[in-house]
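The values are calculated or read from the model by the stated rules, or taken from the named source; none is laboratory data. Just so it is clear, the model here is predicted, and its values are computed rather than measured. Backbone-built Cβ (ideal geometry, glycine too); neighbour counts: all protein chains shown.
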Amino acid sequence: MRTTLRRASGFTLLEVMVSLGILAVLAALVWGSFAPTWDAKQLVAEQAEHYHGIRISLQRMSREISMAFISDNYDPKRYRERPTHFVGRDSGDDDELRFTTLAHERMYQDAKESDQSVVEYRIDRDPDDRDKLALIRREKTVIDEDPDDGGTEAVLATGIEGLDFEYWDVEEKDWSREWDTHDTGYTDRLPERVRITIHAKDETGQVRKYTTQSVVFLRTPLGK
């Protein structure tokens, strides 16, 4: 009998290498077509997060400022002057505002805190990216004779170019760039409204202004 030998079916190494090469070229072409779309999606997501941070910051600042207060209920033997205050300083596009407010929220059930605190807003270097400026919020839950010392800081929004505060003076019927309850003219009153403006770059690199206003409800000292 004659035995017929059949050649084993399959791919040669050369055929496999050619196939892999073609597959790599196709993958590169597909990735090249999708990469711009992915980059655009990432850019849109980053911009949306940036605008969301600015909007949330304005809402929070407006709420806390609206609940600002000063009070004559304090011990004059312990304090030389009223510890509650409202101090807004004009520094061009880097304004600062520090005030006492009733807007503090306790995060823990048994925390020895009240709804009163000292809150400060300012522009400073982003602690996570020193090349950027950020909107910083500092809160101190104890109102004492040294409001500039202590408290905890948090970044409200990053990529900020400037911060402006303006204060509506009912007596002058005009906006004031500064307000200090330690000064004689403002000792016993708070502004009727505060206009808050955040400067930040948009997607084109242009600096835009985002503005809101907060109405202050308690404009005269408590205890009067």
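What's the number of the condition LYS132 fails, among (1) in a strand (DSSP E or B); (2) of a type in the set (Lys, Arg); (3) closer than 23 Å to VAL216 by Cβ; (4) modelled with pLDDT under 95?
So LYS132 meets the others, but not (3).
Select, from SER91, SER62, the only residue that is in a helix (DSSP H, G or I) and at pLDDT 80 or above.
SER62
Identify, by number, the condition in (1) assigned to a loop (DSSP other than H, G, I, E, B); (2) within 30 Å of ASP202 (Cβ to Cβ) that GLU139 doesn't meet.
It fails just one condition, (1).
Among the residues of region 118-145, write down those that are closer than 14 Å to ALA157 by Cα and touching a helix residue (DSSP H, G or I) at 6+ places or on another chain (Cβ under 9 Å).
TYR121, LEU135, ARG137
Filter region 175-211 down to the residues that are of a type outside the set (Lys, Arg) and in contact with a Gly (Cβ under 9 Å, 6 or more places away or on another chain) and list them by number.
Those that are of a type outside the set (Lys, Arg) and in contact with a Gly (Cβ under 9 Å, 6 or more places away or on another chain): SER176, GLU178, TRP179, ASP180, PRO191, VAL194, THR197, ILE198, HIS199, ALA200, VAL207.
Tell me the residue from GLY223, GLY151, GLY185, GLY205 that is farther than 16 Å from PHE99 by Cβ and either surrounded by 14 or more Cβ atoms within 10 Å (Cβ to Cβ) or in contact with a Ser or Thr (Cβ under 8 Å, 6 or more places away or on another chain) (or both), please.
Exactly one residue qualifies, and that residue is GLY223.
May I ask you to list pairs of residues, at least six apart or on different chains, whose Cβ atoms are under 6 Å apart, with the first in region 108-126 being surrounded by fewer than 19 Cβ atoms within 10 Å (Cβ to Cβ) and the second being outside any loop (DSSP other than H, G, I, E, B) and aliphatic (A, V, I, L, M)?
Going by the 6 Å Cβ cut-off, the qualifying pairs are ARG122/ILE136; ASP124/ILE136; ASP126/ALA134.
Anything in region 65-81 that is part of a loop (DSSP other than H, G, I, E, B) and surrounded by 19 or more Cβ atoms within 10 Å (Cβ to Cβ)? List them, or say none.
Result: MET67, PHE69, ILE70.
Here is a check on your reading of the model: is GLY150 under 21 Å from the mean Cα position of the chain (by Cα), touching a residue at least 60 places away in the same chain (Cβ under 8 Å) and at positive phi?
no
Test ARG137 against the criterion of being closer than 14 Å to GLU120 by Cβ and in contact with a strand residue (DSSP E or B) (Cβ under 9 Å, 6 or more places away or on another chain), and give yes or no.
So ARG137 fits the description; yes.
Scan region 154-177 residue by residue and report those that are in a loop (DSSP other than H, G, I, E, B), out of contact with any helix residue (DSSP H, G or I) (no Cβ under 9 Å at 6 or more places or on another chain) and either acidic (Asp, Glu) or crowded, with 16+ Cβ neighbours inside 10 Å (or both).
GLU172 - this is the single residue of region 154-177 that is in a loop (DSSP other than H, G, I, E, B), out of contact with any helix residue (DSSP H, G or I) (no Cβ under 9 Å at 6 or more places or on another chain) and either acidic (Asp, Glu) or crowded, with 16+ Cβ neighbours inside 10 Å (or both).
Can you tell me which residue in region 182-207 is modelled with the lowest pLDDT, limited to those that are over 17 Å from ALA48 (Cβ atoms) and in a strand (DSSP E or B)?
The residue in question is VAL207.
Identify all residues within region 179-224 that are acidic (Asp, Glu) and over 20 Å from ILE56 (Cβ atoms); write none if there are none.
Result: ASP180, ASP183, ASP188, GLU192.
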